[in-house]
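Data block below; observations after.
The values are calculated or read from the model by the stated rules, or taken from the named source; none is laboratory data. Please read these numbers as outputs of a predicted model, since none were measured by experiment. Every residue, glycine as well, gets a Cβ built from its backbone with ideal geometry; the counts of neighbours run over all protein chains shown.
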Amino acid sequence: MPHFVRMRILTLLLGLVISLGYSNGYHFLMVLNSPGRSHFNVGQALAKGLVNAGHEITVVSVFPQKKAIPGYHDINVPNIIAAMKGDIAALWDSINKPLTQKLIDHYQMGFRLTRGLFVDPNFQDLMKSNRTYDAIICETFYNDAQYGLAEHFNAPLIGLSTGGGLTFITDMVGSPAPASFVPHIMLPFNDHMSLYERFVNVAFLAFERLLLDYYYLPGQEKLYKEFFPNNKHSFYEMRRNASLVLINQHVSLSFPRPYSPNMIEVGGMHIDGKLSPLPEKIERFLNDSEHGAIYFSMGSNLKSKDLPPSKVEEILTAFRGLKQHVLWKFELDNLPNKPENLFISDWFPQTDILAHPKVLAFVTHGGMLSTTESIYHGKPVIGLPIFSDQFFNMAHAEQAGYGIMLDFKNLKANDFRAAIERIVSDANYTDVVRGMSFRYRDQQQTPLENAIYWVEHVTRHQGAAYLKSAAQGLNWWQYHNVDVFLIILGIFITLIMLPFAILRLMKMCFVVKVKKEKKIKQN
């Protein structure tokens, strides 16, 4: 037998032995603290993927499974809904607030969200239990105090970011984010910023840093001390001890940017590629659309029924003048003055609709999950961003050439209709997004497989400390060498000022000498 064949057989046998050694199922605790269905869908995809990989998982959320899944255990925490009710109702109004106030509102929401979970009776029972877990997976959604669960259960901490790389998330693993080409995800900038945009980006990041260090993190620290009084690690030690952060992003979906080794892109892991037949009414409505169709949804949290009547009328006027059929996720059964080319429903199977060949474009709020699904299915977008990373995502859509961003606050029927007509008539938008779809799908393994691998990897290596960057232990001023630059500045100023000081001293001595000599002469 040739040597290379023997080596190949030995390698395969060794791989089999290793895989068998790693096949013992782990038990994970996953905490999905967001009340948004779209956020939950990302976490649920990972949870089910881990169960299918032979593991067991306990999921804390507000969306328990309707049908029991072996190995998947629910802990329902309805108190989160009560804690967040006011925040969800105010989402439409947030568009009228300045960006600085939006950030403050997010942090205040985080305080209510974190406390709401901690005081939930079902969560309290979990905290008091003697259960053991091999790793804790926490959604990173303005809830840093909850990361104390890792020490509480003596297990590695894994973060799951259902959005982008906000500063308080990248802080967990010390991931770099150069302000020169990485815009804050709440800003409508791309990675090719003008001087003015870079100035705004740096200024907003500085504002966020101050707000984090002197408002948000101290508030989360109080919650941490209140609900984890027996934890030995301080709040700041705990939050910088994450073993891994999975981020719902991918370079083909956004801008290229650097990440630390334990920050892994798994964008789109909730898309399994499986399609279901559309409900008969929807299928017939789409098939009857001679000129194609438009799909319009503002996601799971923004309810179209809560729109002001004047805004609804502008939207209806725009749709009324279109040749295309329109599907609109509208949460009321009755919509006055509804045109014949419009189909409304409080729920649509979004991925199945986007996959339909008659659907030409997607009108969206620009959330990460919606833009990912539009790219996956090769459909261009018209964005009406309202809050958070939606402006960032739509800025990328415009730069890449697969979308048009409109100002929802000043939305008029003519502008809305013109954008739709432009995107369905200009083939370049569709060509671009189909190219992006091809690049996104061209991965060595699926995003879900990648996520499962890394969760298993850090678990079997007891936290995989070798992946952790030294940046995780640095304060922001140390990370950016602010203290070093201050020393250099001090030395520079000293070297410049020293000659002047010496000259001034010499002048003073000369004056004193002259005065003394003059006095001697007078005597």
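Restrict the check to the range 111-132 and report whether at least one residue is within 25 Å of Leu384 (Cβ to Cβ) and surrounded by fewer than 16 Cβ atoms within 10 Å (Cβ to Cβ). Checking the range 111-132: not a single residue is within 25 Å of Leu384 (Cβ to Cβ) and surrounded by fewer than 16 Cβ atoms within 10 Å (Cβ to Cβ).
For the range 225-267, name all the residues that are among the aliphatic types (A, V, I, L, M), within 17 Å of Gln443 (Cα to Cα) and assigned to a loop (DSSP other than H, G, I, E, B). Answer for the range 225-267, where residues must be among the aliphatic types (A, V, I, L, M), within 17 Å of Gln443 (Cα to Cα) and assigned to a loop (DSSP other than H, G, I, E, B): Val251, Leu253, Val266. Looking only at residues in the range 465-523 that are assigned by TED's automatic domain parsing to the domain that holds Ser243 and exposed (fewer than 10 other Cβ atoms within 10 Å of the Cβ), the one that is modelled with the lowest pLDDT is Ala470. From the set of residues in the range 136-179 that are at pLDDT below 95 and in contact with a Pro (Cβ under 9 Å, 6 or more places away or on another chain), which is surrounded by the fewest Cβ atoms within 10 Å (Cβ to Cβ)? Going through the qualifying residues, I end up with Pro178.
Of the residues Ser345, Ser289, Ser304, only one is within 20 Å of Ser94 (Cα to Cα) and of a type in the set (S, T, N, Q); which? Let's see the steps before the verdict.
Working: Ser345 fails: within 20 Å of Ser94 (Cα to Cα); Ser289 fails: within 20 Å of Ser94 (Cα to Cα).
Only one candidate passes the filter, namely Ser304.
Please work out if Ile169 is within 23 Å of Asn41 (Cα to Cα), in contact with a helix residue (DSSP H, G or I) (Cβ under 7 Å, 6 or more places away or on another chain) and assigned by TED's automatic domain parsing to the domain that holds Pro35. It is false that Ile169 is within 23 Å of Asn41 (Cα to Cα), in contact with a helix residue (DSSP H, G or I) (Cβ under 7 Å, 6 or more places away or on another chain) and assigned by TED's automatic domain parsing to the domain that holds Pro35. Only one entry in Asn241, Asn201, Asn287 is touching a residue at least 12 places away in the same chain (Cβ under 8 Å), closer than 22 Å to Asp134 by Cα and either surrounded by fewer than 21 Cβ atoms within 10 Å (Cβ to Cβ) or among the hydroxyl-bearing types (Ser, Thr, Tyr) (or both), namely Asn241. Among the residues making up the range 306-349, those that are among the basic types (Lys, Arg), without any contact (Cβ under 8 Å) to a residue 40 or more places away in the chain and outside any loop (DSSP other than H, G, I, E, B) are Arg320, Lys329. Scanning the range 196-221 for residues that are touching a helix residue (DSSP H, G or I) at 6+ places or on another chain (Cβ under 9 Å) and aliphatic (A, V, I, L, M), we see that the one that is farthest from His184 (Cα to Cα) is Leu217.
Selection within the range 444-482: residues that are in contact (Cβ under 8 Å) with a residue 24 or more places away in the chain and part of a loop (DSSP other than H, G, I, E, B). The member of this set that is farthest from Ser175 (Cα to Cα) is Thr446.
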